[in-house]
Amino acid sequence: MTDTRVAVVGGGAVGVTAAHDLALAGADVTLFERGDLGSGSSGRAAGVLYDAYAEDVDAALGARALERFRRLSGTNGFVFEECPYVLLARTGDDDRAEAVRDAAERMRVHDRPVETLSGAELGERFPTLRTDDVAVAAVASNAGWTDPASYVSAVAELARDAGVEIRTDSEVAVTTTPPGVAVADEAPVTRRYEAVVVAAGAHTKRVLADAGVAVPLKPYRVQALVSRADYDGPMWYDASAGVYARPHPDGLLAGDGTVPVEADPDEWERDADDWFVDDVTGTLRDRAGHDPDVARAWAGLCTATPDGDPLLGEVAPGVFVAAGWQGHGFMRAPATGEAVAAQVLGAETATGIEQFTPDRFDGDETFAIREGMTVETDGRENGTDSRDNGTD
Ligand SMILES: Cc1cc2nc3c(=O)[nH]c(=O)nc-3n(C[C@H](O)[C@H](O)[C@H](O)COP(=O)(O)OP(=O)(O)OC[C@H]3O[C@@H](n4cnc5c(N)ncnc54)[C@H](O)[C@@H]3O)c2cc1C
């Protein structure tokens, strides 16, 4: 289906990918972004990338995303830095240790290159890490990191080359039946499209609610910091401490700091909390012998759904949603943007995407925010939520 007129709402990692793929497939695409490209969560993300998921569809999306990240590396200023990812649990934290073992086992079932190591073996492999208190570690080798903002700008440039009209500083309201958008600062005119993709991140629920479509999404704060002290080791997530870290051009980037409380997508605290900085700097000292020199610390928003899975699909005729990533939205964006573009065009999508259909919910569900990065030990499926392995 070519020449389909499509509006994409949101210029984050998902929106630019979808717009790019739609244009390459021949659609006539306009992307509307209320601020600058990447000014939402994508510009605040940590940029930890891996495909070490235990669920079929998550593993497939993760692998596809990494394939695209690698292919893009070297284009328009985007670079994918290869780096292994270590998920570990401490001695005495038996439930999490068991969850890490189970998760690694299930990742291997999906042919993900993941090894299970003891603390001693981990120490031999990565001498920069403190490992004497580690009960077990899962080491994923198909992983890396990047600057998320550079992905957005690189793909946006490719999207422009493919013919996408990108309109920044253009907040829109969405309408359904027929699909359309109205730009806030323009005369009250609704532009009609054959399809509208709402990839508006933390604003998605509000944008769709204003269009009369209810989706169960809650924005919540997560936090990160950059320390200037040198760090030359793998990426790691200490599940017992709930802290992750990765190398950064200035030293090291670390985070977690989930605040599992629904945030207002406009009114929220952009700076990191003091408790978060204290917690993380303590863990960095313990785990990596890293004496932190905090250059900056910040917060951003992730979006939760009742079951921890995204909302990816049609919510009204010709109106599609792509949101609810629960903290893993950046690393999967090349695959989820691709998937929603395929859905719009009626093309084949990756196996399993259909389980993310938004109509599995009524939209008015009450639910608690599941933290985006814990290794859960509450017996969910195999005892761990394999998506929540520390990467936001
Ligand atoms: C501190 C932190 C660390 C993170 N680390 C990671 C990580 O390591 N790996 C990972 O996978 N994920 C991570 N995440 C999560 C990740 O940032 C998000 O899941 C991802 O960026 C979502 O991308 P998106 O395109 O869906 O949304 P966004 O990037 O938020 O883009 C949505 C865009 O829509 C725009 N918009 C909203 N309303 C309108 C409107 N009405 N009209 C026009 N435009 C509109 C917004 O301005 C915004 O730019 C992290 C998040 C934070 C906060």
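Listing for the model above:
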read-out: Answer residue from segment 343-370, given it is under 23 Å from Pro148 (Cβ atoms) and part of a helix (DSSP H, G or I) and is farthest from the ligand (Cβ to nearest atom) among those; value: Ile353
read-out: Members of segment 1-49 found to be polar (S, T, N, Q) and in a helix (DSSP H, G or I), listed by number; value: Thr17, Ser41, Ser42
read-out: Within segment 208-253, tally of residues that are in a loop (DSSP other than H, G, I, E, B), at positive phi and touching a strand residue (DSSP E or B) at 6+ places or on another chain (Cβ under 6 Å); value: 1
read-out: Of all residues in segment 172-182 being surrounded by 20 or more Cβ atoms within 10 Å (Cβ to Cβ) and among the β-branched types (Val, Ile, Thr), the one that is farthest from the ligand (Cβ to nearest atom); value: Thr175
read-out: Which numbered condition Phe276 fails, given (1) within 12 Å of the ligand (Cβ to nearest atom); (2) more than 18 Å from the chain's Cα centre (by Cα); (3) assigned to a loop (DSSP other than H, G, I, E, B); value: (3)
read-out: Search result, residues across segment 325-342 that are within 9 Å of the ligand (Cβ to nearest atom) and closer than 23 Å to Ala209 by Cα; value: Trp325, Gln326, Gly327, Gly329, Thr336, Gly337
read-out: Counted residues, segment 274-298 - those being surrounded by 21 or more Cβ atoms within 10 Å (Cβ to Cβ) and either within 21 Å of His203 (Cα to Cα) or out of contact with any strand residue (DSSP E or B) (no Cβ under 7 Å at 6 or more places or on another chain) (or both); value: 0
read-out: Members of segment 11-40 that are near the ligand (Cβ under 9 Å from one of its atoms) and in contact with a Ser or Thr (Cβ under 8 Å, 6 or more places away or on another chain); value: Gly11, Gly12, Ala13, Val14, Thr17, Phe32, Glu33, Arg34, Gly35, Asp36, Leu37, Gly38
read-out: Checklist (1) hydrophobic (A, V, I, L, M, F, W, C); (2) modelled with pLDDT under 95; (3) under 20 Å from Ala46 (Cβ atoms) applied to Ile353, failing item; value: (3)
read-out: Unique residue being in a helix (DSSP H, G or I) and either surrounded by 21 or more Cβ atoms within 10 Å (Cβ to Cβ) or of a type in the set (Ser, Thr, Tyr) (or both) when the list is Ala138, Ala156; value: Ala156
read-out: Filtered residue count, segment 233-251, keeping only those that are within 15 Å of the ligand (Cβ to nearest atom), farther than 16 Å from Asp279 by Cα and surrounded by fewer than 24 Cβ atoms within 10 Å (Cβ to Cβ); value: 3
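The values are calculated or read from the model by the stated rules, or taken from the named source; none is laboratory data. Everything quoted here is computed from the prediction, not taken from an experiment. When we count neighbours, we look across all protein chains shown, and the Cβ atoms used for this are built from the backbone with ideal geometry, even at glycine.
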